[in-house]
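Quick notes on the structure that follows.
The values are calculated or read from the model by the stated rules, or taken from the named source; none is laboratory data. If you're wondering where the values come from, they're calculated on a predicted model, not measured in any experiment. Glycine also receives a Cβ, built like all others from the backbone with ideal geometry; neighbour counts cover every protein chain displayed.
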Amino acid sequence: NAGVIQTPRHKVTGKGQEATLWCEPISGHSAVFWYRQTIVQGLEFLTYFRNQAPIDDSGMPKERFSAQMPNQSHSTLKIQSTQPQDSAVYLCASSRKGDQDTQYFGPGTRLLVL
Amino acid sequence: AQSVDQPDAHVTLSEGASLELRCSYSYSAAPYLFWYVQYPGQSLQFLLKYITGDTVVKGTKGFEAEFRKSNSSFNLKKSPAHWSDSAKYFCALEGPTNAYKVIFGKGTHLHVLP
């Protein structure tokens with residue numbers, strides 16, 4: 001079991017560029033979560049998929065952030081027109097069924113927007 | 001509104017001492033409570049959770065936590081502490097409604113001196 005896989009581990013972009021972050025959940029897990037971690041804000045929930053369907057994206061900044069889960073083996077988080085304030089570690093987690101369930105976190109993608 | 005408070009940003013103690021990391025929560029109903037640990041350079045790992053039943057829950061790595069409804073707390077304990085326990089610890093809450101949407105505390109940095 002390789003755990004949750006996130007790629008790339010580090011990404012540096014220029015202001016205004018697009019960034020796409022990838023997550024491969026643990027095989028057999030039906031729920032995928034995205035979080036953002038910064039020193040100031042801590043861990044913030046962004047969005048949640050269950051059985052590939054978007055359930056809750058209430059934590060997503062509305063204008064430039066989007067997430068998809070085209071199949072059960074991967075999810076993407078896309079940030080358009082990146083801004084310096086988007087710099088953070090983006091964490092993906094998966095769980096077997098979502099509710100009340102232990103979440104298994106990936107190593108994260110450290111995004112730096114210059 | 002749901003919230004989790006970890007009042008101690010840093011805790012330092014000597015190896016062999018007993019550790020207790022504080023966590024209080026605010027939620028209108030009975031919450032589900034979790035502790036996660038983040039070792040330097042790594043992602044979050046599950047330690048333990050309280051869903052229902054016994055108010056003292058035991059987790060991995062010798063940790064346990066006690067759910068106290070009377071003062072809305074879920075403190076993490078371990079005795080004795082080991083230098084390898086040095087890490088950042090996160091308390092988290094999940095509500096029965098919108099279950100899955102985990103609210104994390106800001107975390108407590110634990111430093112165990114050898």
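Of note:
- The condition of being out of contact with any helix residue (DSSP H, G or I) (no Cβ under 7 Å at 6 or more places or on another chain) and surrounded by 15 or more Cβ atoms within 10 Å (Cβ to Cβ) holds for A:Pro107.
- Counted residues, the range B:45-102 - those being within 14 Å of chain A (Cβ to nearest Cβ) and not basic (Lys, Arg): 25
- Meets criteria (surrounded by fewer than 17 Cβ atoms within 10 Å (Cβ to Cβ), more than 14 Å from every other protein chain (Cβ to nearest Cβ) and out of contact with any Phe, Trp or Tyr (no Cβ under 9 Å at 6 or more places or on another chain)) for A:Gln17: yes
- The lone exception for A:Thr109 - which of (1) more than 15 Å from B:Lys101 (Cα to Cα); (2) among the hydroxyl-bearing types (Ser, Thr, Tyr); (3) modelled with pLDDT under 95 it fails: (3)
- Those residues of the range B:48-83 which are in contact with a helix residue (DSSP H, G or I) (Cβ under 9 Å, 6 or more places away or on another chain), without any contact (Cβ under 8 Å) to a residue 40 or more places away in the chain and not aromatic (Phe, Trp, Tyr), in sequence order: B:Leu48, B:Thr55, B:Lys61, B:Gly62
- Look at (1) in contact with a strand residue (DSSP E or B) (Cβ under 7 Å, 6 or more places away or on another chain); (2) more than 23 Å from A:Leu112 (Cβ to Cβ); (3) aliphatic (A, V, I, L, M) and you find that A:Ala53 fails only one, number (1).
- The residues of the range B:103-114 that are more than 14 Å from chain A (Cβ to nearest Cβ) and not hydrophobic (A, V, I, L, M, F, W, C), listed by number, are B:His111, B:Pro114.
Here's the yes/no breakdown for (1) crowded, with 19+ Cβ neighbours inside 10 Å; (2) closer than 22 Å to A:Tyr104 by Cα:
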residue	(1), (2)
B:Tyr39	no, yes
B:Gln45	no, yes
B:Tyr50	yes, yes
B:Gly53	no, no
B:Val56	no, no
B:Glu64	no, yes
B:Arg68	no, no
B:Phe74	yes, yes
B:Ala81	yes, no
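- Only one of the numbered conditions (1) within 11 Å of another protein chain (Cβ to nearest Cβ); (2) within 11 Å of the chain's Cα centre (by Cα) is not met by A:Asp56, and that is (2).
- Considering residues of the range B:11-37 that are among the hydroxyl-bearing types (Ser, Thr, Tyr) and in a strand (DSSP E or B) only, the residue surrounded by the most Cβ atoms within 10 Å (Cβ to Cβ): B:Tyr36
- Flag if A:Thr102 is free of Cβ contacts under 8 Å to residues at least 12 places away in the same chain and either within 12 Å of chain B (Cβ to nearest Cβ) or under 24 Å from B:Val4 (Cβ atoms) (or both): yes
- Figure legend. Inter-residue proximity from the range A:73-86: first residues farther than 11 Å from A:Leu21 by Cβ, second residues basic (Lys, Arg) and surrounded by 13 or more Cβ atoms within 10 Å (Cβ to Cβ), beta-carbon distance below 6 Å, spacing 6+ or different chains. Indicated pairs: A:Gln80/A:Arg64; A:Ser81/A:Arg64.
- Single condition A:Ser81 does not satisfy, out of (1) surrounded by fewer than 16 Cβ atoms within 10 Å (Cβ to Cβ); (2) under 16 Å from A:Ser30 (Cβ atoms); (3) polar (S, T, N, Q): (2)
- Just one of the listed residues (A:Leu77, A:Leu91) is modelled with pLDDT of 95 or more, touching a strand residue (DSSP E or B) at 6+ places or on another chain (Cβ under 8 Å) and within 8 Å of chain B (Cβ to nearest Cβ), namely A:Leu91.
- Any hit, the range A:84-93, residues being surrounded by fewer than 21 Cβ atoms within 10 Å (Cβ to Cβ) and touching a Pro at 6+ places or on another chain (Cβ under 8 Å): no
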